[in-house]
Amino acid sequence: MFLAIWMFIVPTVSDVTVVVRTEAGVELSSNLVSLSQEELVLMESGQRRSLPVPEVARLSFLAESIGSPSNTPGDFPQLETQVTLIDGTRFKAAEFESDGATSTFAIHDSFSIELPTNLIQNVQLAKLTDTQQARWQAICEKTASADIVGLLRPEGTLEPIEGMISAVTADAVRFKFSGQTIDVPRSKIGGIRTFTAQQASVSRVLAVVEDALGNRWPTTSVDWNEDQSSLAIKLPCDWSVAIPLSLTSTIDFQIGRSVYLTTITPLSRTSGLDLPFNQQVPGLLGVFAPHVYSYRAPDSRREVPSIRFDGTGTSVYRIPSGYRRLTGHVVLAPQSSQFIPCRAIVLLDNRPVWEAVLSTANTLNAVDVAVQAEQRLELHVESKSPLNIGDSVIWIGLKLEK
């Protein structure tokens, strides 16, 4: 239950101040009149000015003009429940309950959403260790034929159990397996994976809306006018969400013109782990291979979709048509003051085109590489550890840009 209570005031059109950055690099500070997927209407010196959305790069709301003490993510409570929808949308919530058919997420006192459970891919309920997180990622990536509950074992492992989830309350998950129904305490569950035969929508993303809690909402349409207290958006899975204007931080229209590499399924992933025995270990690749990771800088609450390597490894992709550059950062992120230097390499069609020796911890190295459609893109990390494992290397926010 949220303890923080804010007083929100529904602003009038003359009060809503935004900072607009255009694709040409021009910044405008004006009052917002209306917004749709076609145009942005501003009020400047008593005159209306319209901008086509394709000419807008970013729209930022000034906190004091939308009735919020702050719309900066760092000024709000930490949210623990992490939700992933079937279209790839990810957000965090404070509370989560479900009757089986419908699920409700309370994100803030003034912001909650209700949606069909079959639109949910998974919900992470607990803070996991790095090993548990990698295991959970592997569970979420595999093909499922039933609901899955990830049980937290006393020895620190995460064990998947298949069955059917019929309800989720504040205290327990009602779960049926092997012919019996039990209520599993939520304190013993790392996460749940829901089974659905419904296919995810592939609707084009227009923009990404960031709320004051740090959530980033991909949207295929956006709508607001002076009579509304909420920003109306539609997710790629064709579900509508109303974000209170007082909790709206920014709208990034450039996201619709680029794509995170994490949204592209790898052609292959390998781990350089060299175990001192000759046998296959079930789930080993899911634990040690490169995997999707939510990176957050120490001074920020915003999480950036990233790819994490734990020692030597590779992750290979095929460049889709329409994209010309790969941009982002890579960082050595050791768990202690002692670490092993690594080498990060970007290869195109098996040819190295960018590399950096990562010998200083937590130092960002910018990545900017020209790419072409259908090229074979490989991210490669080399470690000097005898077993090819060691310190974490994180490729932060890699994006393909048009």
Those residues of the range 304-326 that are surrounded by fewer than 16 Cβ atoms within 10 Å (Cβ to Cβ) and either among the β-branched types (Val, Ile, Thr) or not assigned by TED's automatic domain parsing to the domain that holds Thr265 (or both) come to a total of 0
Within the range 100-115, residues in contact (Cβ under 8 Å) with a residue 24 or more places away in the chain and touching a strand residue (DSSP E or B) at 6+ places or on another chain (Cβ under 7 Å) come out as Gly100, Ser103, Phe105, Ala106, Ile107, Ser110, Phe111, Ile113, Leu115
Sole miss for Asp368 among (1) touching a Phe, Trp or Tyr at 6+ places or on another chain (Cβ under 9 Å); (2) under 30 Å from Glu80 (Cβ atoms); (3) of a type in the set (D, E, K, R) is condition (2)
Of the residues in the range 323-360, those that are assigned to a loop (DSSP other than H, G, I, E, B) and within 24 Å of the chain's Cα centre (by Cα) number 4
Could you tell me whether Arg204 is modelled with pLDDT under 90 and either among the charged types (D, E, K, R) or surrounded by 22 or more Cβ atoms within 10 Å (Cβ to Cβ) (or both)?
yes
request  = Tell me, please, whether a residue that is in contact with a Ser or Thr (Cβ under 7 Å, 6 or more places away or on another chain) and under 21 Å from Phe96 (Cα atoms) can be found in the range 149-162.
outcome  = no
From the option list Val173, Val209, Val205, single residue qualifying as in contact with a strand residue (DSSP E or B) (Cβ under 7 Å, 6 or more places away or on another chain) and in a loop (DSSP other than H, G, I, E, B) is Val205
Restricting the range 13-43 to residues that are touching a helix residue (DSSP H, G or I) at 6+ places or on another chain (Cβ under 8 Å) and among the small types (Gly, Ala, Ser), the one surrounded by the fewest Cβ atoms within 10 Å (Cβ to Cβ) turns out to be Ala24
Scanning the range 361-371 residue by residue, those at pLDDT 95 or above and part of a loop (DSSP other than H, G, I, E, B) turn out to be Val371
- prompt: Quick check: anything in the range 91-99 within 20 Å of Glu162 (Cβ to Cβ) and in contact (Cβ under 8 Å) with a residue 12 or more places away in the chain?
  reply: yes
So, first residue more than 18 Å from Trp136 (Cα to Cα) in the range 149-173, second residue surrounded by 14 or more Cβ atoms within 10 Å (Cβ to Cβ) and hydroxyl-bearing (Ser, Thr, Tyr), Cβ within less than 7 Å, six or more apart or across chains; the pairs are Ala167/Ser98; Val168/Ser98
Residue hits (the range 206-242; within 16 Å of Val18 (Cβ to Cβ) and of a type in the set (Asp, Glu)) are Glu210, Asp211, Asp223, Glu226
When every residue in the range 117-157 that is in a strand (DSSP E or B) and touching a Pro at 6+ places or on another chain (Cβ under 6 Å) is compared, the one surrounded by the fewest Cβ atoms within 10 Å (Cβ to Cβ) is Ile148
Is one or more of the residues making up the range 307-319 modelled with pLDDT of 90 or more, outside any strand (DSSP E or B) and not basic (Lys, Arg)? yes
Reported set for the range 331-360 where residues are crowded, with 16+ Cβ neighbours inside 10 Å and of a type in the set (Gly, Ala, Ser) is Ala333, Ala344, Ala356
Of all strands (runs of 3 or more DSSP E) fully inside the range 21-82, the set with 2 or more residues that are at pLDDT 90 or above and within 30 Å of Glu95 (Cα to Cα) is 56-61
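The values are calculated or read from the model by the stated rules, or taken from the named source; none is laboratory data. Worth saying up front: this structure is predicted, and the values here are computed from it rather than measured. Neighbour counts are summed over all protein chains in view; Cβ atoms, including those assigned to glycine, are modelled from backbone coordinates with ideal geometry.
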